[in-house]
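The values are calculated or read from the model by the stated rules, or taken from the named source; none is laboratory data. Note that the coordinates shown come from a computational prediction; the quantities given were computed from them, not determined experimentally. Neighbour counts run over all protein chains shown; Cβ positions are idealised from the backbone, glycine included. We work out accessible area using only protein heavy atoms, side chains counted, and drop any ligands, DNA or RNA first. Shrake-Rupley method; radii C 1.70, N 1.55, O 1.52, S 1.80 Å.
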Amino acid sequence: MDAPLSLADIRINYSLKELSLEAVSRDPLQQFQTWMQEALTAKADEPTAMTLSTANALGRPTARVVLLKALEKEGFIFYTNYESRKGQQLLENPFAALTFFWPALERQVRVEGRVERVSADISDAYFHSRPRGSQIGAWSSPQSQPISDRTILENLEKEYSNKFKEMEVVPRPEHWGGYLVKPDRIEFWQGRQNRLHDRLLYELESNTTWHIQRLAP
């Protein structure tokens, strides 16, 4: 057996930037937009990738990486199969957490809030903006369900490609659409030297008022 990895010896001393109460926006979604733009400008790897954490009715959590597809004044939007494991968990327990990590900027953002489906019109608009192959893929995959082998997916893809080949517009499956995470807690983390990181927490006190405070790292 190979020697165990020396994970405890891996250390990075963060030193790129700092984060202060005086410099941030009073609106966490505006602050997030600023950081997202900086991640895009820095050409960070997969800047819209986020870990989506959900839990079932018993509180057992699961997590996976999905892509942020829109940032609105109400919150964060992503799309998926409603019948997937995360879709079923959100039906049982409509709360979630999102985690963004941009190593190139030594930054992390954590989001918590209630989740609801977006309107059919919003889901339709996004679905029809996708490449046709991705639209067919949404029909072809019984997401999170056991399958015997990959040929199941390949055969379903052929079946739906043939079904819609004469149609200019592929209809959106009823089992596929968007979710809106409406945050009530957002934390911005900036790596600093000697593990004395900057952490600023926004908590929603009313429908429009956010309280901001600094947390110890």
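Numbers for the structure displayed
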| item | result |
| --- | --- |
| Low-density loop cleavage sites - trypsin sites (Lys or Arg not before Pro) in the stretch 82-155, where at most 12 other Cβ are within 10 Å (DSSP) | R150 |
| Of all accessible heavy-atom area on the stretch 68-138, the percent that carbon and sulfur account for (1.4 Å) | 49 percent |
| Estimated FRET transfer efficiency when R0 is 41 angstrom, pair T34-A120 (beta carbons, to 0.05) | 0.85 |
| Dipole magnitude (debye, nearest 20) for the stretch 150-203, charges at Cβ of Lys, Arg, Asp, Glu | 280 debye |
| Helix-only [θ]222 nm of the chain, DSSP H runs n ≥ 4, -39500 (n - 2.57) each, per residue, nearest 500 | -7000 deg cm²/dmol |
| Rounded, prolate or oblate (a/c below 1.5 giving rounded, otherwise prolate when a/b exceeds b/c) for the stretch 111-214 by Cα gyration tensor | prolate |
| Accessible heavy-atom area order of S148, S206, highest first, probe of 1.4 Å | S148, S206 |
| Between the stretch 140-217 and the stretch 86-114, the alpha-carbon center distance in angstrom | 8 Å |
| Solvent-accessible surface (1.4 angstrom probe) belonging to I122, in square angstrom, nearest 10 | 80 Å² |
| Solvent-accessible surface (1.4 angstrom probe) belonging to T151, in square angstrom, nearest 10 | 70 Å² |
| FRET efficiency estimate (nearest 0.05) - Cβ-Cβ, N194 to V169, R0 35 angstrom | 0.05 |
| Among I136, L58, L19 the positive-end extreme of the charge dipole of the chain (Cβ point charges) | L19 |
| Identified option (computed Rg/Rh (Cα atoms, Kirkwood Rh); candidates (i) 0.99; (ii) 1.03; (iii) 1.08) | (ii) |
| Charge context of T80, other residues only, Cβ under 12 angstrom, K/R +1, D/E -1 | +4 |
| Inter-site label distance for L91 and E46 at 7 Å from Cα along Cβ, in nm | 2.7 nm |
| Radius 12 Å from Cβ of Q33, net charge of other residues (Lys, Arg +1; Asp, Glu -1) | -2 |
| Test item: Cα-centred dipole of the stretch 48-104, Lys/Arg +1 and Asp/Glu -1 on Cβ, debye | 160 debye |
| Gyration tensor verdict on the stretch 35-145 (Cα atoms; rounded if a/c is under 1.5, prolate if a/b is larger than b/c, oblate otherwise) | oblate |
